[in-house]
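Here is the structure we will look at.
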Amino acid sequence: MTWTAPEHWLRIETIDAHTEGEPLRVIVAGFPELEGDTVLARRRVARTDHDELRRALMWEPRGHADMYGCLVMPPVRPGSDFSVLFMHNEGYSTMCGHGIIGVAKIAVEAGWIDGSGRERPVTIDTPAGLVRATAIVDGEREREVREVRFVNVPSFAPALGQTVEVEGLGSVSYDLAFGGAFYAYVDADVLGLSLTPGGAAGLIDAGRRITGAVSSSTAGDISHPDDPDLGFLYGTVFTGAAADAAHHSRHVCVFADGELDRSPTGTAVSGRLAILCARGEHSGDSEIIIESIIGGRFSGRVVGTTSVGGHAAVVPEVGGRAWVTGRHEFLVDPEDPWRDGFLVR
């Protein structure tokens, strides 16, 4: 039995995946072309002219409060294979590590990228800058991507050992770092928070409070020298001991409107490397493994050093795994009163 939607309904095609448990909805067709000579400019167009489509794809009934996605677009910067615009329940990210891993896997397995050999380069233009990924292909299957590693944008820690008064939590110590987006890094043990699925509600509540307090207390202070659109606090990263003693630590990132990342958060791993190097707690190119709330893991190491606007910065490489979960044609009935999505939390 078949059913066909009326021709005037909007159709949007996606390939869905997850990276170490964190969802990624990759939009491949049906989204309007975004004008702009940079990805940040296209981000502004999406926000002002097409935000109802983000809500339709990220929110219920097609998505959920913790859905994450990206739009694949033509490249802007020379040398890039394509550009991406990341999106979530509140708006549009400036960079996303789990998104890079997921979309690079799809790009190779779908044949968007020409190449051969075990290591396939994928160069992706993001709002935060050019990101160079390498898809590791299983030798027994021509395009089966086993792992993706990417060299991220320069990451730096502009403020260490800061404190902020947070309603319900008191004085909270944090480090501020940029790894494609700015995060406040907070020791979960000090606040009595558990970095396990059972502690999710407490982490979300505390993360929202801390992000709001830090954003208010540093009004105008969080800035990126390359572009003012990068200068905002994206979320809070809670750090703690790893469940596996062989691993470095565990991350739980609460970002956007209370989204909780199921992966260790690639941009947060990048910023954490900048913090560890700034504190003298990590040096050289030795690899560390950081766990997620569900036990997923990202690798991280420093492959170079540089400076960003006078800040000492590291060039991080992050690695992880992704799996495709489905292909979808989403339909938007113009008569549907909830066609643009909604959230009940």
Considering each of T163, T239 in turn, give the residue that is among the hydroxyl-bearing types (S, T, Y), modelled with pLDDT of 95 or more and within 19 Å of the chain's Cα centre (by Cα).
-> T239
Out of F330, F298, which single residue is surrounded by 21 or more Cβ atoms within 10 Å (Cβ to Cβ), aromatic (F, W, Y) and modelled with pLDDT of 95 or more?
-> F298
Sort out which residues of region 29-59 are acidic (D, E), open to solvent by 50 Å² or more (accessible area, probe 1.4 Å) and over 24 Å from S80 (Cβ atoms), and write them in order of number.
-> E52
Which one of these is touching an Asp or Glu at 6+ places or on another chain (Cβ under 9 Å), part of a loop (DSSP other than H, G, I, E, B) and surrounded by 15 or more Cβ atoms within 10 Å (Cβ to Cβ): A213, A242?
-> A242
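Filter region 71-81 for residues that are in a loop (DSSP other than H, G, I, E, B) and under 13 Å from L34 (Cα atoms) and give the result. Lay out the reasoning, then the answer.
Pass one, region 71-81, residues in a loop (DSSP other than H, G, I, E, B): 74-81.
Result: P74, P75, V76.
Can you confirm whether R132 is open to solvent by 20 Å² or more (accessible area, probe 1.4 Å) and touching a helix residue (DSSP H, G or I) at 6+ places or on another chain (Cβ under 7 Å)? Break it down stepwise before answering.
Working: open to solvent by 20 Å² or more (accessible area, probe 1.4 Å): yes; touching a helix residue (DSSP H, G or I) at 6+ places or on another chain (Cβ under 7 Å): no.
So R132 does not fit the description; no.
Is it the case that region 177-187 has a residue that's closer than 22 Å to I290 by Cα and either open to solvent by 20 Å² or more (accessible area, probe 1.4 Å) or modelled with pLDDT under 95 (or both)?
Filtering region 177-187 for residues closer than 22 Å to I290 by Cα gives 177-187.
Checking which are either open to solvent by 20 Å² or more (accessible area, probe 1.4 Å) or modelled with pLDDT under 95 (or both) leaves us with 187.
Checked against the condition, which is being closer than 22 Å to I290 by Cα and either open to solvent by 20 Å² or more (accessible area, probe 1.4 Å) or modelled with pLDDT under 95 (or both), region 177-187 yields at least one hit.
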Subset of region 82-122 [out of contact with any helix residue (DSSP H, G or I) (no Cβ under 7 Å at 6 or more places or on another chain) and assigned to a loop (DSSP other than H, G, I, E, B)] = E90, S93, A110, G111, W112, D114, G115, S116, G117, R118
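The values are calculated or read from the model by the stated rules, or taken from the named source; none is laboratory data. Just so it is clear, the structure is predicted and the values come from calculations on it, not from any experiment. Reconstructed Cβ throughout: ideal geometry from the backbone, glycine too, with neighbour counts over all protein chains shown. The accessibility values were calculated without ligands, DNA or RNA, using every heavy atom of the protein model including side chains. Shrake-Rupley method; radii C 1.70, N 1.55, O 1.52, S 1.80 Å.
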